[in-house]
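The values are calculated or read from the model by the stated rules, or taken from the named source; none is laboratory data. Note that the coordinates shown come from a computational prediction; the quantities given were computed from them, not determined experimentally. Backbone-built Cβ (ideal geometry, glycine too); neighbour counts: all protein chains shown. What goes into the accessible areas is simple: the full protein's heavy atoms, side chains included, and nothing from ligands, DNA or RNA. Shrake-Rupley method; radii C 1.70, N 1.55, O 1.52, S 1.80 Å.
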Amino acid sequence: MIIAAAQFTARPCDVAANVTRMAGLVAEAGERGAALVVFPELAVTGYELDAITGDPGRLTLAPDDPRLDPLRAACRTAGVAAAVNCAGRAPAGPTISTFVYGPDGELLTRYDKRHVTDTETAAGFTAGTEDGRFALAGLAFGLVICFDAHFPDLARRAAADGCDVLLASSLYGRGGGARERMEIFPALAEANGLHVLLANHVGVAGPYDACGLSAVWGPDGGLLAEGPGDAEGLVLATVAVGAA
């Protein structure tokens, strides 16, 4: 299976424009043979914490929100699954969520970020309580969102549950964030025998200047593919069934 990480510069709080861009990346992923494309943290709105919690009626979404219809349609047309990260809705307040849509455009799973940062908590986001899992074409996948990857128990549980691939929708900035990325993700792959995919923003993302460098690592921690630090696009790598 070919999997893809999509990196792009989200327009702040412009759901329609970002969804259109993401639908185009789903279509491109299909043209390039990918079965799954993964988007960065809060790709649908950009990483605009205060704006989201200040206007949750407009900037939070449910999995069946009609504003996501172009993405689901792109999945169906291309025959590609998509891990779409956005601000979700929950009784306790907004979440940072990944909605995974299958190649038929139907929801496979929802995962709410379990380890929100202090900044995200202060802005009004609430943490999830369940691990994220789904299966596609004979592979089992685990989900994490950015700061989650700093808690090794999530990756360990994914491996214990039989996952082949860990997917991380993230935001890492230049400098310290770029260094963290290189320290954390190869180590998670090697320690747990998992393929690990990182989908990162590039360019301005809320208060950050995102470093791009979306990537895929193999179960030995070796780098399989890496994107540029200054351009939008897809990063693709092949994951073999049972390779983990």
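Computed values, structure above
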read-out: Qualifying residue in the stretch 135-148 (condition: in contact with a Ser or Thr (Cβ under 8 Å, 6 or more places away or on another chain) and surrounded by fewer than 16 Cβ atoms within 10 Å (Cβ to Cβ)); value: no
read-out: Residue count, the stretch 119-134 (criterion: open to solvent by less than 60 Å² (accessible area, probe 1.4 Å) and polar (S, T, N, Q)); value: 1
read-out: Qualifying residue in the stretch 209-218 (condition: within 19 Å of ALA83 (Cβ to Cβ), out of contact with any Leu (no Cβ under 6 Å at 6 or more places or on another chain) and of a type in the set (Ser, Thr, Tyr)); value: no
read-out: Failed condition for ALA29, given (1) in a loop (DSSP other than H, G, I, E, B); (2) open to solvent by less than 10 Å² (accessible area, probe 1.4 Å); value: (1)
read-out: Qualifying positions in the stretch 110-137 - in contact with a Gly (Cβ under 8 Å, 6 or more places away or on another chain) and either farther than 17 Å from LEU197 by Cβ or not hydroxyl-bearing (Ser, Thr, Tyr) (or both); value: ARG110, ASP112, LYS113, ARG114, GLY124, PHE125, THR126, ASP131, GLY132, ARG133, LEU136
read-out: Selected residue (only one of VAL38, VAL15 is surrounded by 24 or more Cβ atoms within 10 Å (Cβ to Cβ), β-branched (Val, Ile, Thr) and either in contact with a strand residue (DSSP E or B) (Cβ under 9 Å, 6 or more places away or on another chain) or at positive phi (or both)); value: VAL38
read-out: Among the residues listed as LEU234, LEU224, LEU198, LEU213, the single one being outside any helix (DSSP H, G or I) and either of a type in the set (S, T, N, Q) or open to solvent by less than 10 Å² (accessible area, probe 1.4 Å) (or both); value: LEU198
read-out: Residues of the stretch 76-116 classified as open to solvent by 30 Å² or more (accessible area, probe 1.4 Å) and either over 23 Å from THR20 (Cβ atoms) or within 14 Å of the chain's Cα centre (by Cα) (or both), total; value: 7
read-out: Any hit, the stretch 165-185, residues being assigned to a loop (DSSP other than H, G, I, E, B), open to solvent by less than 30 Å² (accessible area, probe 1.4 Å) and in contact with a Leu (Cβ under 6 Å, 6 or more places away or on another chain); value: no
